[in-house]
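Visitor: Provided herewith is a single structure, encoded as structure tokens, for subsequent inquiry.
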Amino acid sequence: MKTQLILIFTIGIMVVACNSKSGKNPDGWSDKELGEWFGKGEWKQGWSASPDESVNQKEFARLYFENQERWDKAFRFLSEQNLAELDKGRYELEGADLFVNVDEYVSRNEEDVLFEAHKKYADIQYLVSGQEKIGVLPLDKTTVVTPYDDEKDIMFLTADDENYRIAKPGVFFLFFPDDAHRPTVKAGDNETIRKIVVKVRIN
């Protein structure tokens, strides 16, 4: 009996170790392990674009492994489609749980744009053409201007800080519920932007 208990205990440890190595439990990863997994980029499904430095790697890893199939489907779409030739509009990959919005617009003056945040969806935002500034701040550093609209999954906010990042082809952004973001701000002169936003349901 004692031998059987030892064997069961040993197998249990091996299973836990295997799950950790396979990346199924990122909560227990060290910063080095997280950085190696994120930097290797297999989760991008072959997409050549690079994540912006503002991406919360730990939060992404947690959400990714909670629903890997959905995230893989999102990145495969970005990898396999000719994003420059997609018609404007909405593309449903998994109904309301995973869809893509393709839009074209003219970048705007800073004073005309508020921060925004979401609760139900994470965003993958990518500029196919053009260039704009996107403000990125923790949600707790902002003040609510328009309360959260559950139907539209959005709230609007303002902040004293800016923390602008440059969005351009080749670089994508990931925004989670704790990330307030201020997109569409002109980076120089007003210019026409073509943007892909993938909405990944997480709540």
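Visitor: When only residues in the range 94-121 that are without any contact (Cβ under 8 Å) to a residue 60 or more places away in the chain and not charged (D, E, K, R) count, which is nearest to Val136 (Cα to Cα)?
Guide: So, considering only residues that are without any contact (Cβ under 8 Å) to a residue 60 or more places away in the chain and not charged (D, E, K, R), the one nearest to Val136 (Cα to Cα) is His118.
Visitor: State yes or no: is Tyr148 farther than 26 Å from Glu80 by Cβ, touching a residue at least 24 places away in the same chain (Cβ under 8 Å), aromatic (Phe, Trp, Tyr) and part of a strand (DSSP E or B)?
Guide: So Tyr148 fits the description; yes.
Visitor: Tally the residues that are assigned to a strand (DSSP E or B) and under 10 Å from Glu132 (Cα atoms), restricting the search to the range 177-194. Break it down into steps so the answer makes sense when it comes.
Guide: Kept after step one, since they are assigned to a strand (DSSP E or B), are these residues of the range 177-194: 179-186, 192-194.
Now drop any that are not under 10 Å from Glu132 (Cα atoms), which leaves 183-186, 192-193.
Final tally of qualifying residues: 6.
Visitor: Give me a count of the residues in the range 160-203 that are aliphatic (A, V, I, L, M) and more than 27 Å from Lys73 (Cα to Cα).
Guide: Residues that pass the stated criteria total 2.
Visitor: Please pick out the residue among Ile124, Ile154 that is over 18 Å from Ser54 (Cα atoms), surrounded by 13 or more Cβ atoms within 10 Å (Cβ to Cβ), within 16 Å of the chain's Cα centre (by Cα) and not charged (D, E, K, R).
Guide: Ile154
Just so you know, all these numbers are worked out from the coordinates, no wet-lab data involved. Bear in mind the structure is a predicted one, so any value in this text is a computation, not a measurement. For neighbour counting, all protein chains shown are included, and Cβ atoms are generated from backbone atoms with ideal geometry for every residue, glycine included.
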